[in-house]
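The values are calculated or read from the model by the stated rules, or taken from the named source; none is laboratory data. Remember, it's a predicted structure, so these values are computed and weren't measured experimentally. Here the Cβ positions follow ideal geometry from the backbone for every residue, glycine too, while neighbour counts run over all protein chains shown. Keep in mind that these areas ignore ligands, DNA and RNA; they rest on the heavy atoms of the full protein, side chains included. Shrake-Rupley method; radii C 1.70, N 1.55, O 1.52, S 1.80 Å.
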Amino acid sequence: MIEQIESFLKEAEKYKITSALELEEFRLKYLSKKGLLNTLFEEFKTVTLEKKKDFGKKLNDLKTYTSDKYQNFKESLDSTSEGLKTDLSLTGEAIKLGTRHPVSIIRNEVVSIFERLGFTVSEGPEIEDDWHVFSALNFPLEHPARDMQDTFFIQKTPDILLRTHTSSVQVRVMENTQPPIRMIMPGRVFRNEAISARSHCMFHQVEGLFIAEKVSFADLKQTLLFFAKEMFGSETEIRLRPSFFPFTEPSAEMDISCNCKGKGCNLCKYTGWLEILGCGMVDPNVLDFCGIDSTKYTGFAFGMGIERIALLKYQVKDIRIYFENDVRFLNQFKPSI
Ligand code: DAH
């Protein structure tokens, strides 16, 4: 038995190691869990008492020799070219960066354009009450938007619901701030609608509000013209069409000129114009409901759908793709700012 260990020692002395691979083979043979040394230590347990001392000594010699040989060679390898793998000063492997979601890109662009005009950002809750989504915004009791068909109700009497538009944040801002108010309010909204290429039950809006003394419709028009040119290019023209919203008087819908320059294309359905947002002068009733003196202050508001802008800007015709999170789609978008 003892002779056998001696021959193992001789063999280990002769063992030639010239590469990292051979070093690993050496470790596996002698020092690993299933290696020779562990097997011999197992046998050691069964050796008779009088032989234990000699056997133990030889075994320790073999262990010391093989571990030292392994350690020494490993150190010399680390300092040669083969050991470059562990050179900590080398440049790391490139990490693949993700991209921003197109909805976030558009949201950030809209916010940044209005920030340049002095607007600040405000946010409100997605779960709201009837007052902030409808009543304070001058919606008559029988208005269809209050209907179960359009709104996701969480609780009836008192009504708790998912906000159907970000106009609710206007109310929260006006209730808590006195003019001048210049705010932009991005957020997620929910509507009880069948999901199709053109509509979804969940989407994003950006709301804008400007309240001060002597704010006029001309201010609204100039602000939105600036926005349209920044967002869609300096050649862009706007058109305001009369419309109706309970919370603004007068109300309008804004179109931007289509890139086909009036020639007519599929995107603008041969009209030369694309509808982009709703706006108007804040109804004095709304100011009064929110504790702002409507005899002293006037203001304008507007609201736009982010997915709608993304649809026009990127010419992606199906809104559902924005919520599928397919990386092959998402990878194509890079922020321009
Ligand atoms: N809240 C409207 C919607 O969801 C959009 C809107 C229109 C907001 C006119 C406004 C506005 O602030 O003045 O369709």
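Given Ser168, Ser112, which one is at pLDDT 95 or above, touching an Asp or Glu at 6+ places or on another chain (Cβ under 7 Å) and either in the same structural domain as Met281 (by TED's automatic domain parsing) or assigned to a loop (DSSP other than H, G, I, E, B) (or both)?
Ser168
Determine, yes or no, whether Gly124 is open to solvent by 20 Å² or more (accessible area, probe 1.4 Å), under 16 Å from Val206 (Cβ atoms), under 25 Å from the mean Cα position of the chain (by Cα) and within 15 Å of the ligand (Cβ to nearest atom).
yes
Does Glu253 satisfy the condition of being within 21 Å of Arg182 (Cα to Cα), surrounded by fewer than 19 Cβ atoms within 10 Å (Cβ to Cβ) and within 16 Å of the ligand (Cβ to nearest atom)?
Yes.
Could you please let me know if Ile321 is in contact with a helix residue (DSSP H, G or I) (Cβ under 9 Å, 6 or more places away or on another chain) and open to solvent by less than 20 Å² (accessible area, probe 1.4 Å)?
No: the conditions fail for Ile321.
Would you say Ala197 is at negative phi, small (Gly, Ala, Ser) and outside any loop (DSSP other than H, G, I, E, B)?
Here the answer is no, as Ala197 does not meet what is asked.
State yes or no: is Pro125 assigned by TED's automatic domain parsing to the domain that holds Glu193, at pLDDT 95 or above and not β-branched (Val, Ile, Thr)?
Against the criterion (assigned by TED's automatic domain parsing to the domain that holds Glu193, at pLDDT 95 or above and not β-branched (Val, Ile, Thr)), Pro125 qualifies.
Take Thr39 and tell me if it is in a loop (DSSP other than H, G, I, E, B) and out of contact with any Asp or Glu (no Cβ under 9 Å at 6 or more places or on another chain).
Judged against the criteria, Thr39 is not a match.
Please work out which one of (1) in a helix (DSSP H, G or I); (2) modelled with pLDDT under 90; (3) out of contact with any helix residue (DSSP H, G or I) (no Cβ under 9 Å at 6 or more places or on another chain) is the condition Lys52 fails and give its number.
Status for Lys52: all satisfied but (3).
Output the residues belonging to region 271-281 that are surrounded by 19 or more Cβ atoms within 10 Å (Cβ to Cβ) and either more than 33 Å from the chain's Cα centre (by Cα) or more than 9 Å from the ligand (Cβ to nearest atom) (or both).
Leu274, Ile276, Met281
Would it be correct to say that Glu213 is open to solvent by 70 Å² or more (accessible area, probe 1.4 Å), of a type outside the set (A, V, I, L, M) and more than 16 Å from the ligand (Cβ to nearest atom)?
In short, yes.
List the number of the failed condition for Thr295; all other conditions in (1) within 32 Å of the chain's Cα centre (by Cα); (2) more than 15 Å from the ligand (Cβ to nearest atom) hold.
(1)
Got at least one residue in region 119-129 being in contact (Cβ under 8 Å) with a residue 24 or more places away in the chain, among the aromatic types (Phe, Trp, Tyr), touching a strand residue (DSSP E or B) at 6+ places or on another chain (Cβ under 6 Å) and under 24 Å from Pro284 (Cβ atoms)?
yes
Go through region 106-125 and give me each residue that's more than 23 Å from Leu311 (Cβ to Cβ) and of a type in the set (D, E, K, R).
Passing the criteria: Glu115, Arg116, Glu123.
Looking at Pro179, Pro186, which one is part of a loop (DSSP other than H, G, I, E, B) and at pLDDT 95 or above?
Pro179
Please determine whether any residue of region 257-270 is of a type outside the set (S, T, N, Q), crowded, with 17+ Cβ neighbours inside 10 Å, over 18 Å from Leu117 (Cβ atoms) and away from the ligand (no atom under 16 Å from the Cβ).
Yes - at least one qualifying residue is present in region 257-270.
Output the number of the condition that Lys313 fails; it satisfies all remaining conditions of (1) within 27 Å of Ser168 (Cβ to Cβ); (2) open to solvent by 10 Å² or more (accessible area, probe 1.4 Å); (3) part of a loop (DSSP other than H, G, I, E, B).
Condition not satisfied by Lys313: (3).
Among the residues of region 282-302, write down those that are small (Gly, Ala, Ser) and either open to solvent by 20 Å² or more (accessible area, probe 1.4 Å) or in a loop (DSSP other than H, G, I, E, B) (or both).
Correct list: Gly291, Ser294.
Can you pull out the strands (runs of 3 or more DSSP E) entirely within region 200-270 that have at least 2 residues that are within 31 Å of the chain's Cα centre (by Cα), modelled with pLDDT of 95 or more and in the same structural domain as Met185 (by TED's automatic domain parsing)?
Qualifying strands (runs of 3 or more DSSP E): 202-212, 248-257.
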